[in-house]
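S.K.: Pasting in a structure now, in structure tokens, and then I'll have a few things to ask.
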Amino acid sequence: MEPNSPILLILDLDETLIYASEQSLGWDEDFVVGSYSVYLRPHLAEFLTTCAAGFRLAIWSTATDAYVRSVVPQILPPDIEPVFIWGRSRCVRSYNHEEFEEEYLKDLKKVKRLGYGLKRVLIADDTPRKVRRHYGNAVYVPPFFGDPNDDTLPGLANYLLSLRDVGNVRRVEKRGWARAEG
Ligand SMILES: [Mg+2]
């Protein structure tokens, strides 16, 4: 990959871009997938448009592939084509000994295999443990549980754009960005 090609920005879905609930929150959902009411995080379309202009964009969720395939076309502005859209089948299954349950992790080795140098890969996720193998690439996003007044995404877009020209994103301390942009 050429050295100054855009950063690959990998976005999580649930609690990062949307909130899906089997119970209605008491106001109209944006759409329904199976038994889930799906609520979009406020400012989502502008966020995705801004990110698509500044980065190569990808989506990676630990949810089932079928769910991801249903959700993504309903949230992406029409002219945006992510370089990949991945679900659970691309995650690594691991046993969490603290929670006594299986969990799915996102291992950026799979991205590296596509030819992306990890110095120029960012992964935005609300769940730090899912990206713990590559915390240097992670931007942790405060989780979204449907609050219609949530205003995280505009600040997140500003923050991500501030990293656009960084040669090695892994050298930048990224924790605490939300306080600085908030
Ligand atoms: Mg999530």
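S.K.: So which trypsin sites (Lys or Arg not before Pro) in segment 123-182 pass both tests, a DSSP loop state and at most 13 other Cβ atoms within 10 Å of the Cβ?
M.R.: Filter output for segment 123-182: R175.
S.K.: Still on this structure, please answer the following. Can you give the helix-only mean residue ellipticity at 222 nm for the chain, where every DSSP H stretch with n ≥ 4 adds -39500 (n - 2.57) and the sum goes over all residues, rounded to the nearest 500 deg cm²/dmol?
M.R.: That comes out to -6500 deg cm²/dmol.
S.K.: Taking just the alpha-carbon atoms of segment 28-68, what radius of gyration and Dmax come out, in angstrom?
M.R.: Cα only, segment 28-68: 12.5, 35 Å (Rg, Dmax).
S.K.: Would you order F144, F100, F84 from fewest to most other beta-carbon atoms within 10 Å of each residue's own beta-carbon?
M.R.: F100, F84, F144
S.K.: Which lysines have a Cα lying under 18 Å from the Cα of K109, excluding residues fewer than 8 positions away in the same chain?
M.R.: Cross-link targets: K119, K130.
S.K.: Considering only DSSP beta bridges where both residues belong to segment 10-119, give the percentage that are antiparallel (nearest 5).
M.R.: That works out to approximately 70 percent antiparallel.
S.K.: Looking at segment 41-180, send over the antiparallel percent of its DSSP beta bridges, to the nearest 5.
M.R.: 50
S.K.: Still on this structure, I have one more. Determine one quarter of the surface area of the Cα convex hull of the chain, which equals its mean projected area, and express it in nm² to one decimal.
M.R.: 10.6
S.K.: Then there is this: Expressed as cubic angstrom per residue, what is the convex hull volume of the alpha carbon set of segment 136-182?
M.R.: 70
S.K.: Within 10 Å, count the other beta carbons around each residue, average over each peptide in 33-42, 90-99, 7-16, and list them highest first.
M.R.: Highest to lowest by the protection proxy: 7-16, 33-42, 90-99.
No lab work stands behind these numbers, since they all come straight from the coordinates. Just so we're clear, the structure is a prediction, and the values are computed from it rather than from any experiment. In this analysis, Cβ positions are derived from the backbone assuming ideal geometry, glycine residues included, and neighbour counts consider all displayed protein chains.
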